[in-house]
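Let me begin by presenting the structure, written as structure tokens, before commenting on it.
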Amino acid sequence: MDNRVVITGLGIYSCLGTTLDEVSQSLQEGKSGIIFDPARKEMGYRSALTGYVEEPDLKSELNRRQRVGLSEEAKYAYVSTKQALDQAGMDMDYLTNNEVGILFGNDSSARAVIEAIDVIREKKDTTLLGSGSIFQSMNCTVTMNLSTIFKLKGINFTISGACASGSHSIGIGYLLIKYGLQKAIVCGGAQEVNPYAFGSFDGIGAFSVREDEPTKASRPFDKSRDGLIPSGGGATVIIESLESAKARGANILGEVMGYGFSSNGEHISNPNKDGQVRSLNMALKQSGLDPKTIDYINAHATSTPVGDGYEAEAISEIFQGLNTPVSSTKSMTGHECWMAGASEIVYCMLMMRDGFIAPNINFKEPDESSSKLNIIAETKKTAINSFLSNSFGFGGTNSTLIIKKYQE
């Protein structure tokens, strides 16, 4: 089988906003969500920079039994998923009576684990952890909680692929629907924002130390970049077969055309160009699109000296001479890690909807590699009919997605 796979719902909860329209406005304005967090300095962090995301209060929406098992990141994912399901027109009656799956990218639940261990060490009594602790602590905290809350009966597991997790969730979902194994899947990514999740990153010097100007610290592709900034939240993309969407009378927002993936097979933390090129080529081949028809590239670029350089070289090799517009929304959001591959699809879908390319803010001077790219440093009003989004993670896991405006 070779089903067409379409997008019918989007949801977002990020440092740029908590609704689709709010986030679109932030993207158009080039508004940064990065702040200085004094608590991180007190903990001994080298860098106290982070994306600011407030935990939602869900008491009015969920009962105590539903809330008690939700980790921080699962709360974000609940909000974004509720938004996406509402937009897709999938109410509880539909979800209860149809087979809808869930695939979410998540690669940690640090705070829940640490808080549980702290209780055990202090009280010497595991019964004091409470019934929700285990459901908050597992990496599958998002999928196990949301599948229960929304009565999802299809495929149900978490994808743990470092900073490509959210992208892989959409890619794997796309393949399952394409080949007829599922009709509809709730896909996405979630990332906790608390300091416990990022201490080890800070410890290896991965973060920017431009603490005097938080909103100017994330500088993807810029010659003076000095590291990434952690961030997070939740992002959801509802995908389903074209047949399913038409049968429901759903509003079709876009079509997933290609999914490329690869492993670098080399260093555990350093990227390489070859793996990224293979991911890009695979996505393009699967989509059947010529590179010259891609209107925009949302780069993975996290603002690290090495990573941005390799990606610039990979993009320039595939899109050589085409002057394709490129930007990294991480210049505004920081690196949303396990969520990023999904949130950046949402960001790009908003650009496609509203006719603009979000700027790569803080880009002042290119280096040898980024000078080969057409970096969009200021918001550009333009139609986007197709876009490509890269996500590359620790361990050399690469994912590339290509989305196009839906046409009959």
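Some observations on this one:
- Total formal charge among the other residues, if their Cβ is under 14 angstrom from that of N139, Lys/Arg +1 and Asp/Glu -1: -3
- Difference of contour (0.36 nm per residue) and Cα-Cα distance, K381 to L58: 112.6 nm
- Charges were assigned to the Cβ only: +1 to each Lys and Arg, -1 to each Asp and Glu. The resulting dipole of the chain about its Cα centre is roughly 600 debye.
- Share, in percent, of DSSP beta bridges within the stretch 5-248 that are antiparallel, nearest 5: 65 percent
- Normalised contact order of the stretch 151-254, rounded percent, pairs of Cα under 8 Å and 6 or more residues apart: 30 percent
- Antiparallel bridge percentage (DSSP; both residues within the chain; nearest 5): 70 percent
- Packing-based ranking, highest mean first, of 315-322, 299-306 given that Cβ atoms within 10 Å are counted: 299-306, 315-322
- The residues packed around A112, meaning those with a beta-carbon under 12 Å from its beta-carbon, carry a net charge of -3 if Lys and Arg are +1 and Asp and Glu are -1.
- Added length on full extension, which subtracts the Cα-Cα distance from 0.36 nm per residue, K246 to N98: 51.8 nm
- The chain: relative contact order in percent, alpha carbon pairs under 8 Å with at least 6 residues between: 24 percent
- Sum of -39500 (n - 2.57) over DSSP H runs of 4+, divided by residues of the chain (222 nm, nearest 500): -10500 deg cm²/dmol
- Cleavage-rule hits, trypsin sites (Lys or Arg not before Pro), the stretch 1-110, DSSP coil, Cβ neighbours within 10 Å at most 11: K59
- Which listed pairs, of K59/K82; K330/K380; K153/K405; K183/K246; K273/K372, have C-alpha distances above 19 Å, in listed order: K153/K405
- Cβ-defined net charge surrounding D226, 10 Å radius [Lys, Arg +1; Asp, Glu -1]: +2
- Overall form of the stretch 261-321 per C-alpha gyration tensor (a/c, 1.5; a/b vs b/c): oblate
Since every read-out is calculated from the coordinates, none of them should be taken as a lab result. Note that the structure is predicted; figures quoted are calculated from it, not measured. Positions of Cβ are generated from backbone atoms using ideal geometry, with glycine treated the same way; all protein chains shown enter the neighbour counts.
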